[in-house]
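The block underneath contains the structure these notes are about, expressed in structure tokens.
The values are calculated or read from the model by the stated rules, or taken from the named source; none is laboratory data. Model, not experiment: these values are computed from the prediction. Backbone-built Cβ (ideal geometry, glycine too); neighbour counts: all protein chains shown. Please note that ligands, DNA and RNA were not included when accessible areas were found on the heavy atoms of the full protein model with its side chains. Shrake-Rupley method; radii C 1.70, N 1.55, O 1.52, S 1.80 Å.
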Amino acid sequence: MLRGLSFAVAAGEAVHVAGPNGTGKTTLLRVLAGLLAPEQGSVRWGGRAIVEDRDAYSGSLSYLGHDNALKADLSALENLEFATGLRRELQAGEAGAALERVGIARCADLPARALSAGQRRRLALARVVLALTPLWLLDEPFTNLDADGTALLAGVVAGHVAAGGLVLLAAHQLPELPVRSLRRLELA
């Protein structure tokens, strides 16, 4: 499915992984995240195969899959504090500011199970932002977002890329992304 695939991504770039259902977009992102081993070849980060220092590589990336990976009984704020706390120490007010940034600050005290699908997606995006990682792997990140949420996510991605981050995102419908360096990787 992904045979013969080779590409490189530099700091400050976004790559739109495109193709019909079943062509391997999700599989590619899972391989890049280190969740699946490639059948052949290797994934390299900073010139080294990721298997050489998996912990360092994992600390450099944020992965947002189809599932938002939220704890249903924790509030939006608690979800951010818990998930981010596994990676780094949060400063006072950081989680609340992230909720504000993604437009769901008013939902801070609501359990994740009470949020709409779009609000849960925004909460998962706030988790990616708070991780402070250079590499973002986003699988269908615009799913369940309304027009405002789509514009917000496009702006967050553009800001990450402008700050020197790398973003690979799989999406059937890619909205306008205000980034200087956007490439398309078409899987067939």
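Here are some notes:
- Ratio of the Cα radius of gyration of region 98-156 to 2.2 N^0.38 Å, where N counts its residues: 1.06
- The charge dipole of region 124-188, taken about its Cα centre with unit charges on the Cβ atoms of Lys, Arg (+1), Asp and Glu (-1) only, comes to about 280 debye.
- Here is the size of region 137-188 from its Cα atoms: Rg then Dmax, 10.8, 31 Å.
- Rolling a 1.4 angstrom probe over the protein heavy atoms with all chains in place gives the chain an accessible area of 52 Å² per residue.
- Student exercise, the chain dipole from Lys, Arg, Asp, Glu Cβ charges, in Debye to nearest 20: 320
- Relative contact order for region 1-126, counting Cα pairs under 8 Å that sit 6 or more residues apart, in percent: 20
- When the helices of the chain are scored as -39500 (n - 2.57) per DSSP H run of n ≥ 4 and the total is divided over every residue, the value at 222 nm lands at -10000 deg cm²/dmol.
- Unit charges at the beta carbon, dipole of region 1-100: most positive-side option, GLN91, VAL31, SER62: VAL31
- For a label point 7 Å along the Cα-to-beta-carbon line of VAL43, residues of region 148-186 with backbone N under 16 Å: 166-170
- When the convex hull of its Cα atoms is viewed from all sides, the chain shows a mean projected area of 10.4 nm².
- Nearest-ten-degree value, helix 76-85 long axis tilted from longest Cα axis of the chain: 50
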